[in-house]
Each structure stands twice: as structure tokens, then as C-alpha cells.
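The values are calculated or read from the model by the stated rules, or taken from the named source; none is laboratory data. The structure presented is a predicted model; accordingly, all values stated were derived computationally and were not measured. In this analysis, Cβ positions are derived from the backbone assuming ideal geometry, glycine residues included, and neighbour counts consider all displayed protein chains. The area values use the complete protein model at the heavy-atom level, side chains included, leaving out ligands, DNA and RNA. Shrake-Rupley method; radii C 1.70, N 1.55, O 1.52, S 1.80 Å.
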Amino acid sequence: MNVAQPIEWTSQGVVMLDQRRLPGEVVHHIYTDYRDVAAAIRDMVVRGAPAIGVAAAMGVALGVERSSAATLDDLRAKFPSICQTIAETRPTAVDLFWAIERMKRRFDQLATANASLDAVRSAMVEEARAVHAEKRATDEAIGRFGAEFMPAAGKVMTQCNAGALATAGIGTALGVIRVAVEQGHKLHVLVPETRPYLQGARLTAWELHEGGVPLTLITDNMVGHFMKTGTVGAVVVGADRIAANGDTANKIGTYQIAVLAREHGVPFYVAAPISTFDLTISSGEQIPIEERPADEVTHLRGVRIAPEVAVANPAFDVTPARLITAIICERGVARAPYTESLRRLAESASHSPRAGTAGQRSAM
Ligand code: MRU
């Protein structure tokens with residue numbers, strides 16, 4: 001099955017598919033300056049937690065590769081501000097900070113070893129490319145672990161876009177659906193439009209349609225109706241940050257879907273890589289929630305649809321762990337109590353960082 005590529009490292013620079021223009025236009029941009037990569041993350045040219053992580057790694061690599069530094073010391077002095085610029089883009093998806101930390105660790109290794117400037121430049125590019133390659137493998141493993149939770153036939157629901165566009169692989173939530181469909185499950189996906197940014201309508205509907213997966217697009221306020229009529233077999237969503245206790249931040253609207261799923265006895269799965277775990281925070285209350293511009297709510301494609309009134313636009317909400325049936329990652333499946341199961345999965349990953357190759361299932 002073909003998947004859309006949101007980001008690619010090329011000899012010309014970092015190439016991104018402009019997700020703001022989908023589905024109407026397929027437009028790519030080439031970035032040669034890390035500050036433009038930062039702006040692209042902030043302005044949602046690229047979005048979705050794992051893809052933001054790949055973009056962050058590539059942004060840092062670009063900053064190093066194209067730096068005017070003439071010596072290693074010079075580069076050492078410039079490096080923190082490259083990382084800082086990338087870090088100050090979007091606050092919720094922890095993959096961004098995970099990727100920056102990983103690039104910092106690689107840079108420190110090279111600097112400590114007094115590597116030549118050329119060696120540092122090419123090793124940092126290699127590291128960013130490795131982050132990208134690992135995302136693909138990670139998604140495939142998540143898809144394999146998750147597919148068995150999908151019903152043999154019938155409707156499943158997702159939220160936002162946790163597909164190839166959001167991960168630079170085959171997708172997390174949509175990766176689970178894709179693998180299940182490839183294995184012969186007869187799935188039909190209910191896609192809430194995901195106001196206000198419409199990732200469901202614009203991106204998930206496009207991806208599924210292009211991939212030949214049957215879907216029905218619904219508005220966000222139809223979720224309760226479809227849950228109540230009993231046709232939803234499972235919900236599977238991605239994540240932007242998962243706290244140590246399993247509380248999960250994902251696109252605004254996810255929490256209400258989880259509440260409705262519980263009310264109607266529908267299993268609710270989160271599919272996300274270990275890079276989305278934030279075990280440094282004990283609960284979802286500590287997850288910073290991005291507040292986005294008011295005009296995303298008051299305007300539709302440039303046309304004002306509301307008077308000039310107070311507007312709230314939190315981009316994410318937090319689903320409490322008690323509403324989550326299981327969290328599926330590249331190392332297996334975590335179940336409550338999550339404090340225990342997530343830590344075990346994260347530790348097993350840190351011993352073997354090339355994720356996605358292991359076949360073991362760590363159901364807990
Ligand atoms: O604001 P966005 O479009 O970056 O939000 C994306 C989401 O909330 C996704 O569901 C999440 O990042 C998981 S992507 C695999």
C-alpha cells in the first residue's frame with residue numbers, strides 16, 4: 001500500500017510536503033536553513049508527533065551541516081541556539097524534545113571525541129536519517145502488534161491524523177488499521193473531521209481514500225450518535241505525549257471519544273512509539289497543552305464564521321489512563337497499571353535502541 005511521505009532528507013535540503021494545502025494541492029518545499037524548518041514545524045507544514053520528531057532531528061542536522069562555523073569550537077558555540085530554535089516551536093508533542101535530545105547526545109559524543117568538522121557534519125546528518133528510518137520500522141511493529149485488536153469486520157473510529165503524514169512511516173493508529181486491512185480484516189473507518197484544523201477531513205480521509213481503505217467522514221458532534229447505534233467495534237488513536245501513569249495527550253476531541261467509548265463498551269486503544277512516552281512526568285496534568293490562534297476557530301479557509309468574541313483553541317486534550325484499554329507501542333502492548341507496564345517497555349527499548357526489529361510481545 002502506498003503511503004504519503006511528509007518529509008525527506010535530500011542533498012538539496014529537507015523536503016516537506018505542505019500538509020496545510022492537502023487535500024487540494026500537493027506542494028513540496030525545500031528547506032536549507034534550520035530556522036525555516038523550525039517555522040515549518042510551528043506553522044504546521046509538517047505535523048503529527050513522530051513526524052515532528054523527524055523534522056526536529058533533520059532541522060538540527062541541517063543547522064550543523066550548513067553552519068558557517070570554521071572550527072569545532074565555533075560549532076560547539078553555535079549548536080545550543082540551533083537546538084533552542086527547534087525546541088521553541090510546538091510544546092505538546094514530546095517526540096520533538098526526544099529527537100533534539102538524541103541529536104544533542106550524538107553531537108556531544110562527536111565533540112568529545114574531537115571529530116573533524118566534516119565528520120561531525122556528516123555524522124549528524126546520518127543520525128537524523130537514522131531517526132527517520134527507525135520511525136518506519138517502529139510504525140510497522142506497532143501495526144503488527146495492534147492489528148490483532150481490530151475486529152475481523154466492521155467499523156473502527158480514529159481521531160485527527162495518525163497516519164503516514166503524521167509519522168513519516170506507515171502511521172501509528174492508521175498503521176494499525178492498514179496492517180489489519182492487509183491481513184484481511186474488513187474494516188470501515190469512521191473519521192471525525194477534527195475541528196478546528198480538520199486533520200480528519202483533510203488528511204485522514206485523504207490518506208485512507210488514497211490507500212483504498214473504506215471510510216465515512218463524520219463531523220465531531222456525530223461521535224456519540226455512532227457510538228450509541230452500536231456500530232463501532234474499536235477506537236484507535238495516536239498520541240502526542242504519554243505520561244508515566246498512561247494519561248495520554250492527543251488531538252483535541254480525543255477525550256470525549258474515550259468517554260463515549262467507555263459509556264458504550266467500545267475498546268479504546270492508543271498506538272504510539274516509545275519516543276512519545278514521557279516517563280519524567282507522573283500524570284497528564286503536567287503535559288503542556290498548546291493554545292493555537294483564535295482564527296483557526298473563527299475562520300474557515302479564510303472566511304469568518306463567528307463574530308469577534310472570546311475564543312479558546314487548545315490543540316490537545318488529555319485522556320485519563322483509566323479510559324484506555326491498552327497502549328500499543330513498537331515493543332508490545334501495555335495495559336493498566338501503566339506506571340509499571342510503560343516503564344518496562346521503555347526500559348526494554350533503551351537496551352536495544354534500533355526499535356521495531358524485535359518480534360517479542362510484551363503484553364502486561
Ligand atoms: O496538531 P497536530 O496535527 O500535530 O496533532 C496531531 C495529533 O494529535 C496526532 O493524533 C498525534 O500527533 C499522533 S500522530 C501519529
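Of note:
- Of the residues making up the stretch 107-135, those that are within 18 Å of Ala56 (Cα to Cα), surrounded by fewer than 21 Cβ atoms within 10 Å (Cβ to Cβ) and either in contact with a Phe, Trp or Tyr (Cβ under 6 Å, 6 or more places away or on another chain) or β-branched (Val, Ile, Thr) (or both) are Val125, Arg129.
- Filter pass, Val237 being in contact (Cβ under 8 Å) with a residue 24 or more places away in the chain, in contact with a Leu (Cβ under 9 Å, 6 or more places away or on another chain) and not assigned by TED's automatic domain parsing to the domain that holds His132: no
- Residue list for the stretch 130-177, restricted to those being within 16 Å of the ligand (Cβ to nearest atom), under 14 Å from Val235 (Cα atoms) and not small (Gly, Ala, Ser): Val156, Met157, Thr158, Gln159, Cys160, Asn161, Thr172, Leu174, Val176, Ile177
- Being farther than 24 Å from Ala272 by Cβ and within 16 Å of the ligand (Cβ to nearest atom) is a description that applies to Pro23.
- Filter result for the condition that a residue is under 25 Å from Arg335 (Cβ atoms), open to solvent by 10 Å² or more (accessible area, probe 1.4 Å) and either modelled with pLDDT of 95 or more or among the small types (Gly, Ala, Ser) (or both), over Val181, Val156: Val181
- Residue pairs meeting the criteria (Cβ under 6 Å; at least 6 apart or on separate chains; first touching a residue at least 60 places away in the same chain (Cβ under 8 Å), in the stretch 186-205; second in a strand (DSSP E or B)): Pro192/Ile218; Ala205/Val191; Ala205/Leu217
- Residues of the stretch 136-153 satisfying the condition of being of a type in the set (D, E, K, R), open to solvent by 10 Å² or more (accessible area, probe 1.4 Å) and part of a helix (DSSP H, G or I): Arg136, Glu140, Arg144
- The set of residues from the stretch 311-349 being in a helix (DSSP H, G or I) and either over 20 Å from Ala234 (Cα atoms) or among the hydroxyl-bearing types (Ser, Thr, Tyr) (or both) comprises Tyr338, Thr339, Glu340, Ser341, Leu342, Arg343, Arg344, Leu345, Ala346, Glu347, Ser348, Ala349.
Conditions (1) away from the ligand (no atom under 16 Å from the Cβ); (2) part of a helix (DSSP H, G or I), marked per residue:
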| site | (1), (2) |
| --- | --- |
| Ile41 | no, yes |
| Val46 | no, no |
| Ile52 | no, yes |
| Ala56 | no, yes |
| Arg76 | yes, yes |
| Cys83 | yes, yes |
| Asp118 | yes, yes |
| Glu126 | yes, yes |
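- Hey, Ala69 aliphatic (A, V, I, L, M) and part of a helix (DSSP H, G or I) or not: no
- Flag if Ala87 is modelled with pLDDT of 95 or more, within 28 Å of Ala271 (Cα to Cα) and either in the same structural domain as His132 (by TED's automatic domain parsing) or more than 14 Å from the ligand (Cβ to nearest atom) (or both): yes
- Among the residues of the stretch 203-214, the ones that are open to solvent by less than 40 Å² (accessible area, probe 1.4 Å) and part of a helix (DSSP H, G or I) come to 5 in all.
- Summed over the stretch 11-39, residues that are in a loop (DSSP other than H, G, I, E, B) and open to solvent by 10 Å² or more (accessible area, probe 1.4 Å) total 11.
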